[in-house]
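Below is one structure, written out as structure tokens; comments come after it.
The values are calculated or read from the model by the stated rules, or taken from the named source; none is laboratory data. Since this is a predicted model, take the numbers as computed values, not measurements. Here the Cβ positions follow ideal geometry from the backbone for every residue, glycine too, while neighbour counts run over all protein chains shown. The protein model used for the area step is the full one, side chains on, heavy atoms only, and it has no ligands, DNA or RNA in it. Shrake-Rupley method; radii C 1.70, N 1.55, O 1.52, S 1.80 Å.
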Amino acid sequence: MEESRVTLYFHSMFLRPLMEDNKVNGIIIANKSGIQAIRAKITIDCSADGDFVNGAGVEMKTGRKQDGLTQPMTMFFRVAGVNDEAVQNYVKADAEEKHLFSSIIEVQRKNGNWTLNRDKVGIYREPEKGVWRVNTSRIQGLNGTDVKDLTKAEIEGRKQVFNLMDFFHKYLPGFENATLLDTGVQIGIRETRRIVGIYTLTAEDLTTGRDFEDTIALYGYPIDIHSPTDGSTDFNNSAQTANIYRLPYRILIPEKVDGLMVAGRCVSATHEALGAIRVMPCAFALGHAAGVGASVALKEKSQPRNVKISVIQKVLEEQNAVLPKHIASLNRQ
């Protein structure tokens, strides 16, 4: 960033956008120096929750269509001191088990000892001996853009971590002497607000691998939806995504407000499509495309919605982004 002569402002918080008619002209921030205005021809919202675009009056959607409920939050944590060999022996003894420890979870659920509203334990070995990461706690029915709900979720998430540690000690082979290594610095959020953009990405676009003339990224993660209400985590095998699907530039641009773009999980997509593209590698690709789109718009003295997509794609390819012309070689791999 310094090599590119970017001015950085750490320890700063967004207050409100600078607006003129239907166009964003910059941002008001607060920090140790007080309240400051930063004027900009184009602003990119990478807040994940669409905080800036929401403040600019962009139309937003939240959660699933029928009730607006979002995917649950999770307090991620890691444990150390796991007997890896004991876990491996368990796996060998129960090779038909679909998910690690799922038969134990089912038995203990019936016995009343597994009370979490989750159908399995999400637990994964790390390279370091005896260290595992746990993506299992589940906080449903709260709003990830409300400070009271965020506070409640963070407290409840850490309570669940300690309850899970007790359960691991009692029932999971190899975890009898595991110790809590760390928890996430804050609650993990899968879904909040997303914009209504020039185009809204749908699950059908992902399952069919629909072609877009304005493709700016390729991806292949499945539709992964943690239920807002029940205990399931659905990789939606009934709507299996194409091996490689395409993401259009238009999902980065609000339908009506100028001087503004987004990247990350607040892009324009349905609840179902967001279940696939909300994850980090995709956010990297979308952020890359948004940055290039903004740069091209500035050079063309145009709005991001009016730039020549061929120019954006050319720059992305020059910067080693993987675009449709690479699909044939990817399939061979």
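Residues of the range 272-291 that are in a helix (DSSP H, G or I) and open to solvent by 10 Å² or more (accessible area, probe 1.4 Å): 272, 280, 281, 283, 284, 285, 287, 288, 291.
Taking the numbered list (1) small (Gly, Ala, Ser); (2) open to solvent by less than 10 Å² (accessible area, probe 1.4 Å); (3) within 22 Å of residue 194 (Cβ to Cβ) in turn, residue 130 passes all entries but (3).
So which of 177, 143 ends up being more than 21 Å from the chain's Cα centre (by Cα), open to solvent by 40 Å² or more (accessible area, probe 1.4 Å) and at pLDDT 95 or above? Steps first, please.
Details: 143 fails: more than 21 Å from the chain's Cα centre (by Cα).
Of the residues listed, the single one that is more than 21 Å from the chain's Cα centre (by Cα), open to solvent by 40 Å² or more (accessible area, probe 1.4 Å) and at pLDDT 95 or above is 177.
Among residues of the range 162-179 that are closer than 12 Å to residue 136 by Cβ, those with a beta-carbon under 9 Å from a residue that is of a type in the set (D, E, K, R) and assigned to a loop (DSSP other than H, G, I, E, B) at least six positions away or on a different chain give the pairs 168/176. Can you run down the residue pairs with Cβ atoms below 6 Å, 6 or more apart or on separate chains, where the first is in the range 81-96 and in contact (Cβ under 8 Å) with a residue 60 or more places away in the chain and the partner is open to solvent by 80 Å² or more (accessible area, probe 1.4 Å) and not charged (D, E, K, R)? Final answer for the pair search is 81/177.
Evaluated against (1) modelled with pLDDT under 95; (2) open to solvent by 30 Å² or more (accessible area, probe 1.4 Å); (3) within 28 Å of residue 66 (Cβ to Cβ), residue 243 falls short on exactly one condition, (3). Of the residues 309, 327, the single one that is at pLDDT below 95 and of a type in the set (Val, Ile, Thr) is 327. Taking residues in the range 256-267 that are within 24 Å of residue 301 (Cα to Cα), and partners anywhere that are open to solvent by less than 10 Å² (accessible area, probe 1.4 Å) and part of a strand (DSSP E or B), the pairs with Cβ atoms closer than 6 Å and at least 6 places apart or on different chains are 259/24; 260/24; 260/254; 262/45; 262/195. For the range 180-223, the set of residues classified as assigned to a loop (DSSP other than H, G, I, E, B), buried (at least 18 other Cβ atoms within 10 Å of the Cβ) and free of Cβ contacts under 8 Å to residues at least 60 places away in the same chain consists of 212, 223, listed by residue number. It is to be established whether one or more residues within the range 148-167 are part of a loop (DSSP other than H, G, I, E, B) and either open to solvent by less than 50 Å² (accessible area, probe 1.4 Å) or of a type in the set (A, V, I, L, M) (or both). Within the range 148-167 (the criterion being part of a loop (DSSP other than H, G, I, E, B) and either open to solvent by less than 50 Å² (accessible area, probe 1.4 Å) or of a type in the set (A, V, I, L, M) (or both)), the answer is no, since none of the residues qualifies. Scanning the range 246-255 for residues that are touching a residue at least 60 places away in the same chain (Cβ under 8 Å) and surrounded by fewer than 23 Cβ atoms within 10 Å (Cβ to Cβ) gives 246, 255.
Go through the range 53-74 and report how many residues are within 20 Å of residue 149 (Cβ to Cβ), crowded, with 22+ Cβ neighbours inside 10 Å and of a type in the set (A, V, I, L, M, F, W, C). Steps first, answer last, please.
Applying the first criterion (within 20 Å of residue 149 (Cβ to Cβ)) to the range 53-74 yields 54-55, 60-64, 67-74.
Still in the running and crowded, with 22+ Cβ neighbours inside 10 Å: 70-74.
From the residues that got through so far, the ones that are of a type in the set (A, V, I, L, M, F, W, C) too are 73.
The qualifying residues number 1.
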